[in-house]
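I have placed the structure first, in the form of structure tokens, so that the comments after it can refer back to it.
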Amino acid sequence: MPDPTPYDALLLVSFGGPEKPEDVVPFLRNVTAGKDIPDARLEEVGEHYYGFGGRSPINDQNRALLEAIRGDLAASGVDLPVFWGNRNWDPYLADTLVEMREAGVTRALALVTSAYSSYSGCRQYRENLAGAVAEVPGAPQLDKLRHYYNHPGFIEPMVDATLAALAELPEDARRSGHLAFVTHSIPTSMDAASGPEGHAYVAQHRLVAAEVVDRVREETGHRYPWELVFCSRSGPPHVPWLEPDVNDHLRGLRDAEVAGAVVVPIGFVSDHMEVIYDLDTEARATAEEIGLPFARAATAGVDPRFVAMVRDLVLERAAQERGQVVEQAVVSGPPSWNVCPAGCCANPRGPRPALCGQD
Ligand SMILES: CC1=C(CCC(=O)O)c2cc3nc(cc4[nH]c(cc5[nH]c(cc1n2)c(C)c5CCC(=O)O)c(CCC(=O)O)c4C)C(CCC(=O)O)=C3C
Ligand SMILES: [Fe+2]
């Protein structure tokens, strides 16, 4: 039987999102507390949520992932309860830790629904975990699973999704189109501080994009031209964020008379608001306006390979904690660290207590 000892639970840690119109403003307040985001941007983002009935898709996607992970663990004979808590909306991390404590959990692994290194995608989660643990006496000990951007269970579904999206393009564009790999923009200073040596956010995304391009070439015999592009910029205009924006990029492709584009949302594990608004709504509208054939590749979601990756990461880490040397599944580059190095993904507003790292 696969052995998860010394762990007695898995905690799925996510961003959270509103579920009804009345939730939208309080949710945005939670997300932006103490951040320098202009009111106009908040109103705009509020409208994105209202446009979908005030409901983000993210919580339902996490419910589906939770069920899929439970099913996969049970089918594999791994006896491990799975819990779910969010940074910014109900179920909040602290409430989930209470639930875990009541269930007798003492030491759990945490899977964060963000695959890459950055303050927003890693350390901020670690800080919020520290805050939640500080609020809950007797909370379980938590260890964070390694970054999985270069795990085959994350990459393989993305390759298939890219091939499927290419097949949606009209015949001529299918061969001569471009791939636009999209992720969440962050301030360039945040990228510079990502990972132990800096710039890990962009480097990890470029590694994923290059790997997908290679594997698509293996399948099609064609190496597609590609670019890493960004969505969801916020913050004041004078602060530089990662560019180009996906819409500007599509316009540039049209100007260069490229026949079509497949947008591959490698920065997101499921169809978050950024995917259904920034890509399916806004970028698609841009493409229609300029007459550029456009298709959007699916995210990992509950692809069985992605779900099995979670089990693989759990069993790998459990074995390592038991002192065993295990082979770590990885497609390119070394597997990421288990414990974040000191200073990794520094908080732009100064150091705060954080779990699962050397500092
Ligand atoms: C790197 C990154 C990820 C990927 C890693 C991860 O997945 O965590 C991510 C995910 C998400 N971001 C989300 C929503 C928002 N992010 C905001 C603001 C910001 N995000 C940032 C970065 C990231 N964000 C940054 C640098 C800001 C500026 C303020 C700050 O420094 O924090 C704002 C405020 C308004 C605005 O500025 O847009 C909102 C509403 C949702 C929920 C979506 C849904 O409902 O489906 C998800 C999954
Ligand atoms: Fe965000």
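Values as computed for the structure displayed
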quantity	calculated
GLU19 vs. criteria of a type in the set (Asp, Glu), within 14 Å of ligand 1 (Cβ to nearest atom), under 21 Å from THR281 (Cα atoms) and at pLDDT below 95	no
Subset of region 1-34 [without any contact (Cβ under 8 Å) to a residue 12 or more places away in the chain and either among the small types (Gly, Ala, Ser) or loosely packed, with under 13 Cβ neighbours inside 10 Å (or both)]	PRO26, ARG29, ALA33
Within region 244-297, tally of residues that are aliphatic (A, V, I, L, M), over 15 Å from PHE181 (Cβ atoms), without any contact (Cβ under 8 Å) to a residue 60 or more places away in the chain and within 13 Å of ligand 1 (Cβ to nearest atom)	0
Filter pass, ALA110 being outside the structural domain of GLY267 (by TED's automatic domain parsing), more than 9 Å from ligand 1 (Cβ to nearest atom), under 17 Å from the mean Cα position of the chain (by Cα) and at pLDDT 95 or above	yes
Any chance VAL213 is in contact with a helix residue (DSSP H, G or I) (Cβ under 7 Å, 6 or more places away or on another chain), more than 16 Å from ligand 2 (Cβ to nearest atom), touching a residue at least 12 places away in the same chain (Cβ under 8 Å) and among the aliphatic types (A, V, I, L, M)	no
Residues (buried (at least 21 other Cβ atoms within 10 Å of the Cβ) and either of a type in the set (S, T, N, Q) or modelled with pLDDT under 95 (or both)) located in region 119-170	ASN128, ASN150, THR162
Filter pass, LEU292 being in a helix (DSSP H, G or I) and either more than 16 Å from ligand 2 (Cβ to nearest atom) or buried (at least 16 other Cβ atoms within 10 Å of the Cβ) (or both)	no
Helices (runs of 4 or more DSSP H) contained entirely in region 115-182, each with at least 3 residues that are more than 30 Å from ALA295 (Cβ to Cβ)	124-135
Qualifying residues in region 234-253 (those that are surrounded by 16 or more Cβ atoms within 10 Å (Cβ to Cβ) and at pLDDT below 95) - the one farthest from ligand 2 (Cβ to nearest atom)	GLY235
Index of the failed condition, VAL310 passing every other in (1) free of Cβ contacts under 8 Å to residues at least 24 places away in the same chain; (2) in the same structural domain as LEU65 (by TED's automatic domain parsing)	(1)
Leading residue by the ranking (farthest from ligand 1 (Cβ to nearest atom)) among those in region 192-204 that are touching a residue at least 60 places away in the same chain (Cβ under 8 Å) and either of a type in the set (Gly, Ala, Ser) or surrounded by fewer than 23 Cβ atoms within 10 Å (Cβ to Cβ) (or both)	PRO196
Selected residue (criterion: farthest from ligand 1 (Cβ to nearest atom)) from residues of region 163-191 that are within 19 Å of the chain's Cα centre (by Cα) and farther than 25 Å from ILE37 by Cβ	ALA180
Count of residues meeting criterion [within 20 Å of LEU73 (Cα to Cα) and part of a loop (DSSP other than H, G, I, E, B)] in region 295-326	6
Of residues in region 196-245 being in a helix (DSSP H, G or I) and touching an Asp or Glu at 6+ places or on another chain (Cβ under 7 Å), the one nearest to GLY343 (Cα to Cα)	TYR201
Any hit, region 254-272, residues being crowded, with 17+ Cβ neighbours inside 10 Å, within 16 Å of ligand 2 (Cβ to nearest atom), of a type outside the set (S, T, N, Q) and assigned to a helix (DSSP H, G or I)	no
Among the candidates GLU127, GLU99, GLU135, residue that is under 17 Å from LEU12 (Cβ atoms) and of a type outside the set (Ser, Thr, Tyr)	GLU99
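The values are calculated or read from the model by the stated rules, or taken from the named source; none is laboratory data. Computed from a prediction, not measured in an experiment: that's the story for all the values here. Positions of Cβ are generated from backbone atoms using ideal geometry, with glycine treated the same way; all protein chains shown enter the neighbour counts.
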